[in-house]
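Readers should treat all values here as calculations from the given coordinates under stated rules, not as data from a laboratory. Predicted model only: the values in this text are computed from it and were never measured. No Cβ is skipped: glycine too gets one built from the backbone with ideal geometry, and neighbour counts run over all protein chains shown.
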Amino acid sequence: MKKNAAFLFLFLFSLSLFAQKSLHTLQQEFADLRFGMFIHFNIPTFSSDDWPDPNTPVSAFNPTMLDCNQWAAAAQSANMSYGCLTTKHHSGFCLWNTKSTDYNVMNSPLKRDIVKEYVDAFRAKGLKVMLYYSILDTHHYLRPGHITQKHVEMVKEQIRELFTNYGEITALFIDGWESPWARITYDEIPFEDIYLLIKSLQPNCLVMDLNAAKYPASALFYSDIKSYEQNAGEKMDQENNLLPSMSCLPVNSQWFWKKDFPTSPVKDAGYIVNSNIIPLNKAFCNFIFNVAPNRQGLIDDNALALLKEIGALWKNQGPVAPLAGCEAPVISTNIAKHKAADSSWSWDMQISDLANDDDFKTYWESNMHVKNPWYEVDLSVEKPFNMVTVTEAKKGIQQYRIQYFTHEKWETVFEGTNPHTVKIHRFDRVWGSKVRILFDSFTANPTIAELGVYDERR
């Protein structure tokens, strides 16, 4: 009986480890990790450029002294909580034993699965494991103007491999989607399909798209975590941020290793601790510091020394302050994008099409002389949808109504107020050919940076 009881306990305990957690819990756990290591190591390591020739041969990848255990020990010396490895960067070279392409590490002189060695080494040190994956893939022509269904299937196959063969993944950092450096849309490679695939394979994995440059700072669009790349000029509003966030910066001047790295100055430890880790953690933001292993597959001595110095200055004091609840991320296609729009009299050039042009920096604005302004998008035919988002360009909207047109009449799905800059409204699925907003009271001319209409899979 005792053996049976012990077996039952272990069985139930193992199930609890993989029990699905709420998104809010996962976001809190991510913020609580506080500090981690980004590891940019891939075929660009063996080039002078972070974006090498897409046809660089696999023979170029030859780290003769690769040691992922050294990486993990270095992360531990800085009191980091996790690592994140570039499994595939923009040039399409895969660091794992993939069946999706011959352009992978198993066909290089190394012939070793680096993703497996990395996850094993970090877990052995008690560190969490995260992965980076680029949608943009210049080697396989997964770039604007060339994308086919085969590309979609390749992405799905690679995601299945990464989330099936390497144990529990805490988060996936996705790059090259809806970014100014890639310009691949969430429609060309369908975001909702990939997001739900990841969640079906590992429900407790956070999906983080590096898209902060495009979307508002006050809501989550196409990402479970808001991300800020400091080298790209993306700065978080530390005083007002309430979202679970990530900010990243490299130890050196660039992300991938360069020949001058061993002798060039690295970041100052005091600056990393006092101007990044501590203030960012207070703002619910996890700081990830990039270390670039060299062409031997080892971290340079100057970077190792910096990490030890950081570890002497900073210790992880446990969980950060509790996160406020936030709306679930928008992950679906915006069916109002670029549709015919109309409105009451606009202010100057701020006309109706600027509020559904997929650009949050442009906006529609009502003319000050209009007492009962309205804004409308024509979806052409009746379509199903269950969510509407309204992003203000300037605060001023108070009381308003959201309606849809069906069977020759307008039906209301929302009437009231919402104090947020990004107003997210989820409701039971309806069918309609038009969506409009009626502004009943306001303190300044109503503005809309973007109106979104979505048929979210639930």
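Once the Cα atoms of segment 340-454 are picked out, what are the Rg and Dmax in Å?
Rg, Dmax (Cα atoms, Å): 13.0, 37.
Relative to the compact-globule scaling 2.2 N^0.38 Å, provide the ratio for the alpha-carbon radius of gyration of segment 129-229.
1.03
Dimensions of segment 174-291 along principal axes (Cα, Å, largest first)?
Projected onto its principal axes, the Cα set of segment 174-291 covers 44, 36, 27 Å.
For K282 paired with N62, estimate the spin-label separation in nm (one decimal), with each label point 7 Å from Cα along the Cα-to-Cβ line.
Simple spin-label model gives 5.1 nm for this pair.
At most 12 other C-beta atoms within 10 Å and a DSSP loop state: those are the exposed GluC sites (Glu not before Pro) I care about. Give me the longest piece of the chain that has none.
Here the longest run is 1-238.
For helix 23-33, report the angle its Cα long axis makes with the longest principal axis of the Cα atoms of the chain; keep it between 0 and 90° and round to the nearest 10°.
40 degrees
Using the alpha-carbon centroid of each, what span in Å lies between segment 343-416 and segment 71-109?
Between the Cα centres of segment 343-416 and segment 71-109 lies a distance of 45 Å.
If amide hydrogens are placed 1.01 Å from N in the peptide plane, which non-local residues have theirs closer than 5 Å to the one on T87?
Y132
Compute the angle between helix 68-77 and the longest alpha-carbon principal axis of the chain, please, reported from 0 to 90 degrees and rounded to the nearest 10.
70 degrees
Each residue of segment 283-299 in order: what ³J(HN,Hα) in whole Hz does its phi give by Karplus 6.51 cos²θ - 1.76 cosθ + 1.60, θ = phi - 60°, with x for Gly and Pro?
Using θ = phi - 60°, the values come out as 9, 6, 10, 8, 9, 10, 10, 7, 10, 10, x, 7, 6, 7, x, 10, 7 Hz.
Just rank D348, D358, fewest to most, by other beta-carbon atoms within 10 angstrom. Walk me through the numbers on the way to the answer.
Values: D348 7, D358 15.
Least to most surrounded, the residues fall as D348, D358.
Which distance in nm do the two modelled labels at K111 and W410 give, with both placed 7 Å along the Cα-to-Cβ direction?
The answer from the label model is 7.1 nm.
Would you mind getting the Kirkwood hydrodynamic radius of segment 16-62 from its Cα pairs, rounded to one decimal in Å? It would help to have the intermediate numbers written out before the result.
Numbers: mean 1/r = 0.0698 Å⁻¹.
Roughly 14.3 Å, rounded to one decimal.
How long are the three semi-axes of the equivalent ellipsoid of the chain, in whole Å, if each is the root of 5 times an eigenvalue of the C-alpha gyration tensor, listed from largest down? Please report the intermediate quantities before stating the final value.
Numbers: eigenvalues 348, 117, 112 Å².
The answer is 42, 24, 24 Å, longest axis first.
My understanding is that a pair violates if its Cα-Cα distance is over 29 Å; which of K226/K371; K235/K267; K337/K371; K258/K282; K156/K308 do that in this structure?
Going by Cα-Cα distance, K226/K371; K258/K282; K156/K308 fall outside the 29 Å limit.
Output ³J(HN,Hα) for segment 373-379: one whole-Hz value per residue in order, computed from phi by the Karplus curve 6.51 cos²θ - 1.76 cosθ + 1.60 with θ = phi - 60°, and x for Gly and Pro.
Rounded to whole hertz, the list is x, 8, 9, 9, 10, 9, 7.
What percent antiparallel are the DSSP beta bridges of segment 17-313, to the nearest 5?
5 percent
What translational diffusion coefficient, in µm²/s and rounded to a whole number, does the Stokes-Einstein relation yield for segment 396-454 at 20 °C and a viscosity of 1.002 mPa s, taking the hydrodynamic radius as the Kirkwood radius over Cα pairs?
For the chosen part, D equals 173 µm²/s.
Starting from the Cα of K116, draw a straight line to each of the aspartates and glutamates and keep only those under 13 Å, dropping any in the same chain fewer than 8 residues away.
Those aspartates and glutamates meeting the cut-off are D67, E161, E168.
So for each of 126-132, 58-64 I average, over its residues, the number of other beta carbons within 10 Å; can you give me the resulting order with the highest mean first?
Highest mean packing first, the order is 126-132, 58-64.
Picking from S245, N79, L197, whose Cα lies most toward the positive end of the charge dipole for the chain (charges on Cβ: Lys, Arg +1; Asp, Glu -1)?
The listed residue farthest towards the positive side: N79.
Any aspartates and glutamates with Cα under 14 Å of the K315 Cα? List them, leaving off those in the same chain fewer than 8 positions away.
Excluding near neighbours in sequence, the set is D32.
Using only the Cα atoms of segment 266-401, what do you get for the radius of gyration and for Dmax, in Å?
Gyration radius and largest Cα-Cα distance of segment 266-401: 24.3, 69 Å.
Please list 3J(HN,Hα) in residue order for segment 130-137, calculated via the Karplus relation 6.51 cos²θ - 1.76 cosθ + 1.60 where θ = phi - 60°; whole Hz, with x for glycine and proline.
10, 10, 10, 8, 9, 6, 4, 8
Leaving out same-chain residues fewer than 8 places away, which aspartates and glutamates sit with a Cα under 15 Å from that of K409?
In chain and number order, the partners are E376, D378, E382.
What is the P(r) of segment 17-152, as percent of Cα-Cα pairs per 10 Å bin from 0?
Answer for segment 17-152: a P(r) of 11, 36, 32, 18, 2 percent.
At what distance in angstrom do the alpha carbon centres of segment 229-306 and segment 119-139 lie from each other?
Distance between centres, Cα-based: 17 Å.
So how tilted is helix 2-17 from the main axis of the chain? Cα-based, degrees 0 to 90, rounded to 10.
60 degrees
Exposure proxy check: H40, H420, H140 ranked by fewest other beta carbons within 10 Å?
H420, H140, H40
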